[in-house]
Every structure is written in C-alpha cells, then in structure tokens.
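The values are calculated or read from the model by the stated rules, or taken from the named source; none is laboratory data. No experiment lies behind these values; they were computed from the predicted model shown. Backbone-built Cβ (ideal geometry, glycine too); neighbour counts: all protein chains shown.
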Amino acid sequence: MEHNKIPGTKRSNVKVGDLVEIVQKQDQRSGELTEGIVQRILTKSPNHPHGIKVRIDTGEVGRVKWVIPEE
C-alpha cells in the first residue's frame, strides 16, 4: 500500500526520528533519493522551496523531498 507522503518543504512537517527521503547535493541533477531517519534538522527557516535540509542516521546531508508517515 502506498503511503501518503508529506512534502518536505515545510519545517513543521519534518521531525527528528521521522523516516524521510532526501536528495543529496550530488544527486540534485539525477533526483536520486536516499532514505533515512532524521537525526538533525539543519534548516532554520519555516519553509524552503527545495526542501528542509537535514542530516540522516547514516550521516548524509540532504534536502527532504518526502516525509514517510508511520502507519
């Protein structure tokens, strides 16, 4: 079943511990997504058009494309 993914452009949608799909800087052209758990939110502003920047549990940094809600 496909989850209703939440866009990652609003900081209020992104919380530490959330499962997210991010786009890393080097993947911006290809649009390749990396999945992980948010460890730290790096964007200070409430909104960002390209996605809120986070660090995930693997140590990778990128902008949140989608937040994957838990069932």
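So, in the stretch 1-27, how many residues would count as being more than 13 Å from the chain's Cα centre (by Cα) and of a type outside the set (D, E, K, R)? Full working, then the answer.
Restricting attention to the stretch 1-27, the residues satisfying the condition of being more than 13 Å from the chain's Cα centre (by Cα) are 1-4, 26-27.
Now restrict to residues that are of a type outside the set (D, E, K, R): 1, 3-4, 26.
Selection size over the stretch 1-27: 4.
Does any residue in the stretch 44-71 that is at positive phi come within less than 6 Å, Cβ to Cβ, of a residue that is assigned to a loop (DSSP other than H, G, I, E, B) six or more places away or on a different chain, and which pairs are these?
Once the first residue is at positive phi and sits in the stretch 44-71, its partners that are assigned to a loop (DSSP other than H, G, I, E, B) give 51/8; 51/9.
For the stretch 1-28: of the residues being more than 22 Å from residue 71 (Cβ to Cβ) and either in contact with a Lys or Arg (Cβ under 7 Å, 6 or more places away or on another chain) or modelled with pLDDT of 95 or more (or both), which is surrounded by the most Cβ atoms within 10 Å (Cβ to Cβ)?
Taking the stretch 1-28 first, the residues more than 22 Å from residue 71 (Cβ to Cβ) are 9, 11, 23-28.
Applying the additional criterion that residues be either in contact with a Lys or Arg (Cβ under 7 Å, 6 or more places away or on another chain) or modelled with pLDDT of 95 or more (or both) yields 9, 11, 23-27.
Working: 9: 18, 11: 18, 23: 21, 24: 15, 25: 10, 26: 9, 27: 14.
Applying the filter and picking the extreme gives 23.
Any residue that is charged (D, E, K, R) and touching a Ser or Thr at 6+ places or on another chain (Cβ under 9 Å) - is there at least one of those in the stretch 4-24? Let's see the steps before the verdict.
First, pick out the residues of the stretch 4-24 that are charged (D, E, K, R): 5, 10-11, 15, 18, 21.
Narrowing the set further to residues that are touching a Ser or Thr at 6+ places or on another chain (Cβ under 9 Å) leaves 11, 21.
Checked against the condition, which is being charged (D, E, K, R) and touching a Ser or Thr at 6+ places or on another chain (Cβ under 9 Å), the stretch 4-24 yields at least one hit.
Here are some conditions: (1) closer than 20 Å to residue 69 by Cβ; (2) hydroxyl-bearing (Ser, Thr, Tyr); (3) loosely packed, with under 13 Cβ neighbours inside 10 Å. Residue 34 meets all but one. Which one does it not meet?
Exception for residue 34: condition (3).
What are the pairs with Cβ atoms under 6 angstrom where one residue, in the stretch 13-38, is outside any strand (DSSP E or B) and the other, located anywhere, is of a type in the set (Gly, Ala, Ser)? Sequence gap at least six, or different chains.
Pairs found: 14/8.
So, in the stretch 39-71, exactly how many residues are outside any strand (DSSP E or B) and aliphatic (A, V, I, L, M)?
Total satisfying the criteria: 2.
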